1. Of the conditions (1) touching a residue at least 40 places away in the same chain (Cβ under 8 Å); (2) over 30 Å from D205 (Cβ atoms); (3) in the same structural domain as R539 (by TED's automatic domain parsing), E438 fails just one. Which one is it?
2. Would you check if F324 is surrounded by 14 or more Cβ atoms within 10 Å (Cβ to Cβ) and in contact with a helix residue (DSSP H, G or I) (Cβ under 7 Å, 6 or more places away or on another chain)?
3. Just one of R190, R128, R136 is farther than 30 Å from G38 by Cα and either outside the structural domain of E510 (by TED's automatic domain parsing) or hydrophobic (A, V, I, L, M, F, W, C) (or both); which is it?
4. Suppose we filter the stretch 353-375 for residues that are within 30 Å of A449 (Cβ to Cβ), modelled with pLDDT of 80 or more and either polar (S, T, N, Q) or over 35 Å from the mean Cα position of the chain (by Cα) (or both); how many remain?
5. Which condition breaks for V466 when tested against (1) surrounded by 14 or more Cβ atoms within 10 Å (Cβ to Cβ); (2) under 32 Å from the mean Cα position of the chain (by Cα); (3) more than 30 Å from M380 (Cα to Cα); (4) not aromatic (F, W, Y)?
6. At positive phi, modelled with pLDDT under 90 and either surrounded by 12 or more Cβ atoms within 10 Å (Cβ to Cβ) or among the aromatic types (F, W, Y) (or both): which single residue out of G445, G391, G434, G378 fits that description?
7. So L248 clears everything in (1) part of a helix (DSSP H, G or I); (2) farther than 30 Å from Q353 by Cβ; (3) not β-branched (V, I, T) except one condition, right? Which one?
8. List, please: which pairs have Cβ atoms under 9 Å, are six or more places apart or on different chains, and start with a residue in the stretch 531-544 that is free of Cβ contacts under 8 Å to residues at least 12 places away in the same chain and crowded, with 16+ Cβ neighbours inside 10 Å and end with one that is assigned to a loop (DSSP other than H, G, I, E, B) and basic (K, R)?
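The values are calculated or read from the model by the stated rules, or taken from the named source; none is laboratory data. The structure presented is a predicted model; accordingly, all values stated were derived computationally and were not measured. Backbone-built Cβ (ideal geometry, glycine too); neighbour counts: all protein chains shown.
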Amino acid sequence: MAKGQASRAVVWVILGLLIIGLAGFGATNFGGSVRMVGAVGDVEIDTNAYARELQGELRALAAQTGQAIPFAQARQFGVDRNVLSRLVGRAALDHEAQAIGLSVGDDVVGEEVLRIPAFQGLDGGFDREAYAFTLRQQGMNVAEFEDQIRADTARTLMQGAVGGGFGAQDTFIDTLFNWARERRDITWARLTEADLAEPIAEPSDADLTAYYEENEALFTLAEERAITYAWVTPDMMLDTIDADEEALRALYEQRIDEFVLPERRLVERLVYVSDEAAAAALARVTGGEASFEDLVADRGLSLADIDLGDVSEAALGENGAAVFALEEPGVVGPLPTNLGPAIFRVNAILTAQETPFDEARPLLETEYATDAARRLIGDMVIDIDDLLAGGATLEELASESELELGQIDWRPDVADGIAAYQGFREAAFAAQEGDFPEVIELEEGGLFALRLDEIRPPALQPLDEVRDRVIEGWEMQETARVLAEQAEAAAEAIRGGAEMAGLDLPLRTERNLERDAFLDDAPPAFVAGVFEMEPNELRVFEDAGAAVLVRLDTIIAPDRTAPDAAAGLAAFEAQAAQTLAGDALQLFTQAAQTRAGIQINQQALNAVHAQFP
């Protein structure tokens, strides 16, 4: 890798560290007793570096999910292990760089520091005070930071040396290309209940019991959480709010454009380079030589390109009077515009509309009351927090505030009432027995607090309670089995010389079928199975209450003369080279770790984890 490329890579690495540090965790210092969370050989993994990386991962996770993820839940996702593994890999490469004497000079370090925007003043030059301040915010000093730049640069150079220069053999690329771009022609038929030779028999008790026992997962309720909650939403408070007449009228005036709509026109505008060209075009329309659509097509435009939508006379400015002078849809012009002379077409006339205050009043009252309820609920948060902090139970909270008490046996498939709110569902999933209730805001301005009373493990529902579902499932399975037998019999007949088109099958064909194709009515594994078949091979697939018979007619090789073939081959080559480089770097890093040895300080890890909520 060239020096310039390495330098640019390091700039982004350092900027990422700065952003993470400035986000709020860089100033943390865990003291000398927990100075490092581990080491690879002689290279230590700094405790603060681990904390910053961990905080960055949590912020990224929150950005992806749209909510703050509790650290305990993040650990279930393996976030802490991923961060530690990444830092161990970096330390192994740093140790290897030190072992072979790979480093960069002070001039390279200085160039990188001068390039970082966070260290620049208002005049764009290097600001030493900003440099020192930013590093203090990260809990670092100048020497530590510059050592880090030196290590990052050396590591980047090593990564480039290890992973650079890889390329896949032509045979490998050709094989990938052929595999991905091959297509298939097939003939197939989907047999459904209507194609049964005779109706399936009624299930016996033994049949139902066997199906029930073989498919217990279908009839097992998910883990259930018994939750007590207290909540309030704006809708629950609407009846307690009296609308203020003066405020309603003020709201009506603020939204007058919604309630008083002037006469409008659905208008299109076609601009020309000169008055003569516009006049000639208009003459063609008025003389019946061409339609307005023809004029638009002649300009290489579409109607969407010239559509102004529904506009008022005022919105058209100086052209408004002429356009609104039309008493029915039609064409007018040429008229001057800031883009040049234009002709206008009116497609429809929308009459003026006015909703008087009295008619708008119910809507305004609801909006006013909802807004007022949201503000009242917002004002409750501190008082409710104080009550909970003082040891109030949810039952006491409901008796001393506007919150209503409720109970729910919640599972992921329950989405009624309070469980319809995503905020509640997330809190219910994360709750642990013994947690103290806390105030959580809902998406539409409400709030709630909950208590997890009991966790009930997954439970198999008794056969008598789900008998109708068992019957339905058995019938679907039996229908698919019988139809598959019919399809196999048809396949045997075709193998014996019968024409597929001569059988009583609902045939359909697919041509140029690709590996990633999706076919309506086809089983999930259908396309993948087709690409495993040989020409003229017949195969039967079972589906839910159905069966599919398919014959592979032709395997179509990729067309290497197609316009996109060269780009496809280049993409495969680049992807293969990137994969090989990544694998080589991973193997090199693992070997470096093995040679240097890894030490992990679990006490230090626990100390960092304890800082996260």
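1. (3)
2. Numbers: surrounded by 14 or more Cβ atoms within 10 Å (Cβ to Cβ): yes; in contact with a helix residue (DSSP H, G or I) (Cβ under 7 Å, 6 or more places away or on another chain): no.
Spelling it out, it is not the case that F324 is surrounded by 14 or more Cβ atoms within 10 Å (Cβ to Cβ) and in contact with a helix residue (DSSP H, G or I) (Cβ under 7 Å, 6 or more places away or on another chain).
3. Numbers: R190 fails: either outside the structural domain of E510 (by TED's automatic domain parsing) or hydrophobic (A, V, I, L, M, F, W, C) (or both); R136 fails: farther than 30 Å from G38 by Cα.
That would be R128, the only listed residue that is farther than 30 Å from G38 by Cα and either outside the structural domain of E510 (by TED's automatic domain parsing) or hydrophobic (A, V, I, L, M, F, W, C) (or both).
4. 1
5. Single failed check for V466: (2).
6. Exactly one residue qualifies, and that residue is G445.
7. (2)
8. Pairs that qualify, where the first residue is free of Cβ contacts under 8 Å to residues at least 12 places away in the same chain and crowded, with 16+ Cβ neighbours inside 10 Å and the partner is assigned to a loop (DSSP other than H, G, I, E, B) and basic (K, R): there are none.
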